[in-house]
1. Can you confirm whether segment 20-28 contains a residue that is surrounded by fewer than 10 Cβ atoms within 10 Å (Cβ to Cβ) and at pLDDT below 85?
2. Condition (residue is at pLDDT 95 or above and hydroxyl-bearing (Ser, Thr, Tyr)) applied to segment 104-125: is it met by at least one residue?
Amino acid sequence: MRHSIAPNRKSHAASLAPQGVSAAAMNKLLEKKKEYEAVAALERASALFVKRIEGLADDCEVMADAGQVHGEVLEQWPNMFRILDLFLANRQQCAGNEDISEISESAPGERLVRVPLDELQTDTTNP
């Protein structure tokens, strides 16, 4: 840029405009600045609101996934009861037989073992 030859020279536009117009222009400028600041504050608040809504959407997706898993688990309960009924029916059929080896061959997994947890816990606490 080139420097002005007459640095103390007044602007031509300032001499044309009356004093009242510049005051009105200043008031309008201040009003526009306030309006701009309000719009900027609204934009910041909107961005914060969007972040909160996105967080809620993520939480809803997690709850939807949990509901789907819960439904899949509940769907398996009738199968579990059917399997238990088959097990109990097989157990009743084998109840007439007193031979343990025959029961274990015909219905694997029918023999239950009791683990003495109280004794195990006292043994591990007392070295």
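1. Kept after step one, since they are surrounded by fewer than 10 Cβ atoms within 10 Å (Cβ to Cβ), are these residues of segment 20-28: 20.
Subset that is at pLDDT below 85: 20.
Looking for residues that are surrounded by fewer than 10 Cβ atoms within 10 Å (Cβ to Cβ) and at pLDDT below 85, one finds at least one in segment 20-28, hence yes.
2. Pass one, segment 104-125, residues at pLDDT 95 or above: none.
No, segment 104-125 has no match at all.
The values are calculated or read from the model by the stated rules, or taken from the named source; none is laboratory data. Note that the structure is predicted; figures quoted are calculated from it, not measured. A quick note on method: Cβ atoms are made from the backbone with ideal geometry, for glycine too, and the neighbour counts reach across all protein chains shown.
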